[in-house]
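Worksheet for the structure shown next.
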Amino acid sequence: MRLLLVEDDDHVAAALSAVLARHGIGVVHARSGEEALRALLPATSPGTPPFAVVLLDLGLPDQDGYEVCGKIRKRTSIPVIMVTARSDVRSRIHGLNLGADDYVVKPYDTGELLARIHAVSRRTVSEEEASTGTEELAFGPVRIELPNRRVSVDGAVVQLTRKEFDLLALLAQRPGVVFRREQIISEVWRTSWEGTGRTLEVHVASLRSKLRLPALIETVRGVGYRLVAPTP
Ligand code: CA
């Protein structure tokens, strides 16, 4: 896997590149927004694999990291993980609105970062599979059959309401990726009515209890929810 690391601090970049290399991730390092955007231009030498993920530090010398994220998103669908010292909810939401797939807050745990990298890159792979017709998703004991809207846990069918199924299917499309509350509400309930927020919480609680896997749907405080595939 190749990763584009956008980080102006050479010490941070060198340390992180070494860690990622030990996990089989090749790193191309860009020190500014401009270098990053240049690195993302279509490969000039044929045979170079595309980047699986962009790891984007928000504090860059030349351009605002949010702005760089917006520009990357306009050019490519490569997953972007923002790295930020700003842990407040508003800046996280801003980043996700600009098309970032996830974010980590400095100082972060390397294990957590690796998990996020794998989650967003798996998502890209599963989207590619989806476009070639994968109609069944499995997460540990949970199977989701999309065409006939059937969900089972350890082979036993679980009766879900229409909205519960829609909610689960939405989160399951991009495991590990945070869905904003507003995004879920608009996609599942087709409304932006604020009162639906409480309805969303009720549906999440109901799904957790029906599937008997409370950890499957994780609450990301102040932002939304994500599906966390159980580790075997
Ligand atoms: Ca920086």
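A few notes on this one:
- For the range 116-151, a tally of residues being modelled with pLDDT of 85 or more, more than 22 Å from D88 (Cα to Cα), part of a helix (DSSP H, G or I) and basic (K, R) returns 0.
- Sub-6 Å Cβ pairs linking a first residue in the range 139-157 that is assigned by TED's automatic domain parsing to the domain that holds L171 to a second residue that is among the polar types (S, T, N, Q) and surrounded by 10 or more Cβ atoms within 10 Å (Cβ to Cβ), at least 6 apart or interchain, are R143/S152, ordered by first then second residue.
- Within the range 60-75, the residues that satisfy the criterion of being open to solvent by less than 40 Å² (accessible area, probe 1.4 Å), of a type outside the set (A, V, I, L, M, F, W, C) and within 14 Å of the ligand (Cβ to nearest atom) are Q63, G65, Y66.
- Among strands (runs of 3 or more DSSP E) entirely within the range 24-115, having at least 3 residues that are aliphatic (A, V, I, L, M) singles out 26-30, 53-57, 80-84.
- Residues in the range 28-50 that are modelled with pLDDT of 90 or more, away from the ligand (no atom under 16 Å from the Cβ) and not basic (K, R): V28, L37, A39.
The values are calculated or read from the model by the stated rules, or taken from the named source; none is laboratory data. Quick caveat, the model's predicted, so the values are computed rather than measured. Every residue, glycine as well, gets a Cβ built from its backbone with ideal geometry; the counts of neighbours run over all protein chains shown. Just so you know, the surface numbers come from the protein's heavy atoms only, side chains and all, with ligands and any DNA or RNA stripped out. Shrake-Rupley method; radii C 1.70, N 1.55, O 1.52, S 1.80 Å.
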